[in-house]
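Okay, structure first, notes after.
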């Protein structure tokens, strides 16, 4: 209520100053001074507003304006003109400016601006409007498909983490995530997901802290892709940098309000379809006995979490789980043996969410300020789940003198989550934090989800369909809780309070020399609580994780921008940075269970809680850096930088390391001005070396404190042997690029080829247990990445009332592990296993192959690549399978990625949509491996080649013939049964892990928008309103193509190096939003 009262008060105050202006139409024609011809596509805008139009094919325009309005005429390749309206006609002549395109200002490392001519490395910019238009509370998702070389992977859990990788994985076991920098201040983006969660072992995905940033406060984002672009950021910039520039206040009062309401639903193509022919059981049987006075009772095998049972028959009366629930209308009754009316798709809800924001700016001759507030309420598609954000952004500048300006920025981010869905497979409590594993892998299709909901609502108890032995009175869950009990009793909550700010002082010593000093702080405190209530299968527990993080930066930077002669310009910088990181956490949990149900507290522990796990880390990196850019006639540019860092995580004799870079650019279009069709052309090339320091506490050996034995303290060696001779990890990078623009910049092209080599990798390698350790840190290994990045933009149609703009991005990249380490035998290791998962599949970094290779059992093939089938013996008709798991069965890296972004404008209407594409790469589906074994999918209940149900007995025409050949090359003709557990999936050893590796390609309609802006002639009557826009927005609207059944191939477990494995995957959430934007 307070928010609405405040908003109404602001509008009322503005209304008291309302000015009634009269508007009229002004028309005119824009021509070029060089040839006198009309110029189509000139932007004609009213200064200080977003209202405007474009000239048509004849150079003519019409625009409704107020008396005395100031119009700005701008077009690439021509000098802009600003003119005051005095009458109904205003003709304009624009003068050519061949250098204008090259003088477009771009933001580079450390926030230093330069012209496009002076930039000699690959960078791409995305406007804040482009990022925020999808109205997501995570701005990172708004970059997907819009930047060549940037790979964004969005996880489907509510508020889940986003994987952000530029130009591939470089570090085998280290961090590969891009660095986020906001207004020159690096920010932390490390999530709280544990190693067990990342390996599919159960847990929660707590999201990416960088998603705290307010999308409505972003002016633009610049992506620095290569090492030459990011070398000045030191070790943190080795994976590329995403520079965020926030909105700044301008002269005069401005207020912008956005109000968004969204409705979500699941994309059913990313969730299981269930076969409707067969019911509960690992095999085709019922339990029998004398129950409820029926001596011939047949009872469904409720403890079997599978659907390989008897075929449905409505005339067959069976006692099912609800017959043993005293609160059920079916208590003591046998019911028809049929497929459930309400399958697990009805578990999901269609949530309504909202996002409300206001941004107030003002500025004068002596300073500026901005104040913004955003409230975001995101309700999830699973019951009892929501994510709420309250964001406050403040910024101000004050001109102490004309040469001395002080500025300050402070943002407060408050995030509160409840009911983030569990991920992976939780063996400790039979996966009862993630109901998706239940629905996707272990399910009885005769179970009605809405009846489970009714049972829970009647009793508020854990009435499970998966009763252990109801005939003998044991109705407790065998493996699975009631899913509605899970979301109400076994859930997490999390909160994060974050402050991000800086104070800066700029002193312009001379017109060409500026000195900036800045102190910045990024600090946050988090509390993650997990609950598992009494009455659930397994051991109840409560845990809490308190985490505090802070990063402080002290920067001093001197910059020079001087024309040292008529033809030469020099830009130079000299600076230093001191960075101090502090990371502290405590993890505590109950022991042995909970005493009082529903009371989640450490003091409610059944046994005395064990000592908490504690972590305390401090780190400091001191850097000095310098750079110079020399430009000759705005045509030739030579740029060089050098940074030296000293890191506290490296040994004293190796803790100093350097980052050199050199770049060159040639704007060859300056020599080809006689060709009117060429608007711009530049060749650029660069070379750089960057590095990364060591993980914290990996130099000196440490001990782990163990709970005391009586009164005697206990410690033991850390299982990883540290290394006092570690060196920094290094990456050498080189790239060459070409930029072109044609036909007065109606068509543009940017292409880059790059190569990187990362060496002296810091690896924890396996060592013999006889040493007293399991791993040892070594400098070893080399990873090579190479690829091409292409970006094409154009305006195919441009008239006064209609224009069409299109941008295409394309990236093709490959990586290879060219060296590993020498093992205990003195031989070069052939593989480094990154992680293993539930079914035995592993992710690897094999020598001379791709990082992210999936390994496991495979088919046995003949020389023609055909799958071999046993011809005789007990396995006749079944596949031959490799005896070991050391086979390459997939590669998680895509062959290429791309995006197609279209925007259409007709008068006051706007239509835009983004197609996001991934080609190639692999995903391993544990969901299908188990779900197919359990018989829940339609792929296990089809009509075979004989026209019979495949699950019939062989005598009744059932069974299947597996595709393949006998050892002699003849096609397989042996029919095998198809009604047993594991016949279609992993469970009986009949299929290798290779059978569950799928193509991860997709084509997605990622986002679409239809907008309407009220005409200026109407707005002029509504002062003080200056703009009113309505937008209908869709996100994740349609997966146009994919090869992975029943799931989204993009979904993963967490951000990080371990990708391409699905375990209890969540469906994609499709969102439709209505946004109203009002500007005063």
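The values are calculated or read from the model by the stated rules, or taken from the named source; none is laboratory data. Fair warning: this is a prediction, and the values are worked out from it, not measured in the lab. FYI the Cβ positions are ideal-geometry reconstructions off the backbone, even for glycines, and counts take in every protein chain you see.
Would you pick out the residues in the stretch 344-363 that are surrounded by fewer than 20 Cβ atoms within 10 Å (Cβ to Cβ) and assigned to a strand (DSSP E or B)? Selection gives 352, 354, 356, 360, 362, 363. Kindly check whether there is at least one residue in the stretch 593-614 that is over 30 Å from residue 539 (Cα atoms) and under 35 Å from the mean Cα position of the chain (by Cα). The answer is no; no qualifying residue exists. Checking the stretch 718-730 against the condition returns a match, with at least one residue being assigned to a strand (DSSP E or B), within 28 Å of the chain's Cα centre (by Cα) and at negative phi. Test residue 426 against the criterion of being more than 30 Å from residue 518 (Cβ to Cβ) and under 25 Å from the mean Cα position of the chain (by Cα), and give yes or no. So residue 426 passes the test. Taking residue 650, is it crowded, with 16+ Cβ neighbours inside 10 Å and not in a strand (DSSP E or B)? Taking the combined requirement at face value, the residue satisfies it.
Restricting 1010, 1072, 1039, 1033 to those that are in contact (Cβ under 8 Å) with a residue 60 or more places away in the chain, surrounded by fewer than 23 Cβ atoms within 10 Å (Cβ to Cβ), in a strand (DSSP E or B) and touching a helix residue (DSSP H, G or I) at 6+ places or on another chain (Cβ under 7 Å) reduces the list to 1039. For residue 997, the conditions (1) more than 30 Å from residue 306 (Cα to Cα); (2) crowded, with 17+ Cβ neighbours inside 10 Å all hold with the exception of (1).
Matching residues to (1) farther than 13 Å from residue 982 by Cα; (2) part of a strand (DSSP E or B); (3) in contact (Cβ under 8 Å) with a residue 40 or more places away in the chain; (4) within 33 Å of the chain's Cα centre (by Cα):
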| position | (1), (2), (3), (4) |
| --- | --- |
| 916 | yes, yes, yes, yes |
| 924 | yes, yes, yes, yes |
| 928 | no, no, yes, yes |
| 933 | no, no, yes, yes |
| 946 | yes, no, no, no |
| 952 | yes, no, no, no |
| 955 | yes, no, no, no |
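Before we move on, is residue 505 surrounded by 20 or more Cβ atoms within 10 Å (Cβ to Cβ), touching a residue at least 12 places away in the same chain (Cβ under 8 Å) and farther than 30 Å from residue 447 by Cα? Answer is no for this residue.
Taken residue by residue, the stretch 843-865 has at least one member that is buried (at least 16 other Cβ atoms within 10 Å of the Cβ), in a loop (DSSP other than H, G, I, E, B) and in contact with a helix residue (DSSP H, G or I) (Cβ under 6 Å, 6 or more places away or on another chain). More than 25 Å from residue 1051 (Cα to Cα), at pLDDT 95 or above and touching a strand residue (DSSP E or B) at 6+ places or on another chain (Cβ under 8 Å): which single residue out of 943, 905 fits that description? Of 943, 905, the one residue that is more than 25 Å from residue 1051 (Cα to Cα), at pLDDT 95 or above and touching a strand residue (DSSP E or B) at 6+ places or on another chain (Cβ under 8 Å) is 943.
Can you find, within the stretch 241-267, the residue that is nearest to residue 139 (Cα to Cα) among those that are outside any strand (DSSP E or B) and either out of contact with any helix residue (DSSP H, G or I) (no Cβ under 6 Å at 6 or more places or on another chain) or without any contact (Cβ under 8 Å) to a residue 40 or more places away in the chain (or both)? Going through the qualifying residues, I end up with 248.
Checked against (1) crowded, with 24+ Cβ neighbours inside 10 Å; (2) within 21 Å of the chain's Cα centre (by Cα), residue 266 passes all but condition (1).
Of these, 1052, 987, which one is in contact with a helix residue (DSSP H, G or I) (Cβ under 8 Å, 6 or more places away or on another chain) and buried (at least 19 other Cβ atoms within 10 Å of the Cβ)?
987
Contact annotation: residue pairs with Cβ atoms under 7 Å, 6 or more positions apart or on different chains, pairing a residue in the stretch 818-829 that is under 21 Å from residue 169 (Cβ atoms) with a partner that is loosely packed, with under 14 Cβ neighbours inside 10 Å, are 818/848; 820/828; 828/822. Here residue 818 passes the criteria (1) surrounded by fewer than 17 Cβ atoms within 10 Å (Cβ to Cβ); (2) touching a strand residue (DSSP E or B) at 6+ places or on another chain (Cβ under 9 Å); (3) modelled with pLDDT under 95 except the one numbered (3). Scanning the stretch 746-778 for residues that are closer than 24 Å to residue 703 by Cβ and in a strand (DSSP E or B) returns 762, 763, 764, 765, 766, 775, 776, 777, 778.
Please work out if residue 984 is within 30 Å of residue 63 (Cα to Cα) and touching a residue at least 12 places away in the same chain (Cβ under 8 Å). Criteria not met by residue 984.
Only residues that are in contact (Cβ under 8 Å) with a residue 60 or more places away in the chain, assigned to a loop (DSSP other than H, G, I, E, B) and over 22 Å from residue 985 (Cβ atoms) were counted in the stretch 866-907, giving 6.
Here residue 246 meets the list (1) closer than 26 Å to residue 416 by Cα; (2) surrounded by 24 or more Cβ atoms within 10 Å (Cβ to Cβ) almost entirely, failing just condition (2).
Against the numbered list (1) under 30 Å from residue 476 (Cα atoms); (2) surrounded by fewer than 15 Cβ atoms within 10 Å (Cβ to Cβ); (3) without any contact (Cβ under 8 Å) to a residue 60 or more places away in the chain, residue 616 comes up short only at (1).
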